[in-house]
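K.L.:
Here it is: the structure, laid out below.
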Amino acid sequence: MYPILKREVFSPQSFLWEVLAPDVARAARPGQFVIVRLHDRGERVPLTIADFDRDRGTITLVVQVVARRPSR
């Protein structure tokens, strides 16, 4: 599991995550994406890598909530 170092809210539906993921940051290239799951049984969500810092070992993801599904 990768820790979220920073969460910046842009609006009620959009926010930024800065995630500590050294192995992902080291291999990241423009246009690539990651698959994110909020928990072990969660939905797999593809998110574009908005930025990365190889020296710090971080990737930046910008998330926009489109719809929330009811809990099962």
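The values are calculated or read from the model by the stated rules, or taken from the named source; none is laboratory data. A quick note: this is a predicted structure, and the numbers were derived from the prediction, not measured. Positions of Cβ are backbone-derived with ideal geometry, glycine not excepted, and every protein chain shown enters the neighbour counts. Heavy atoms of the whole protein, side chains included, go into the accessibility calculation; ligands, DNA and RNA do not. Shrake-Rupley method; radii C 1.70, N 1.55, O 1.52, S 1.80 Å.
K.L.:
Just to verify a result, which residue in the range 2-12, among those that are over 12 Å from the mean Cα position of the chain (by Cα) and open to solvent by 100 Å² or more (accessible area, probe 1.4 Å), is farthest from ASP53 (Cα to Cα)?
P.N.:
Checked the range 2-12; the qualifying residue farthest from ASP53 (Cα to Cα) is PRO12.
K.L.:
When residues of the range 13-72 are filtered for being open to solvent by less than 100 Å² (accessible area, probe 1.4 Å), among the small types (Gly, Ala, Ser) and more than 15 Å from PRO3 (Cα to Cα), how many remain?
P.N.:
7
K.L.:
Just checking, does the range 64-71 include any residue being of a type in the set (A, V, I, L, M) and modelled with pLDDT of 95 or more?
P.N.:
Among the residues of the range 64-71, not one is of a type in the set (A, V, I, L, M) and modelled with pLDDT of 95 or more, which makes the answer no.
K.L.:
Whether any residue in the range 32-40 is more than 10 Å from the chain's Cα centre (by Cα) and either of a type in the set (Gly, Ala, Ser) or assigned to a strand (DSSP E or B) (or both) is what I want to check.
P.N.:
no
K.L.:
Considering LEU16, LEU38, which residue is in contact with a Leu (Cβ under 9 Å, 6 or more places away or on another chain) and on the phi < 0 side of the Ramachandran plot?
P.N.:
None of the others qualify; the one that does is LEU16.
Rundown of residues vs (1) over 19 Å from GLY57 (Cα atoms); (2) touching a strand residue (DSSP E or B) at 6+ places or on another chain (Cβ under 7 Å), yes/no style:
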position	(1), (2)
PRO3	no, yes
GLU8	no, yes
GLN13	yes, yes
LEU20	no, yes
VAL24	no, yes
GLN32	no, yes
ILE35	no, yes
HIS39	yes, no
GLY42	yes, no
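K.L.:
Count, please, the residues in the range 13-65 that happen to be of a type in the set (A, V, I, L, M, F, W, C) and touching a residue at least 40 places away in the same chain (Cβ under 8 Å).
P.N.:
Count: 9.
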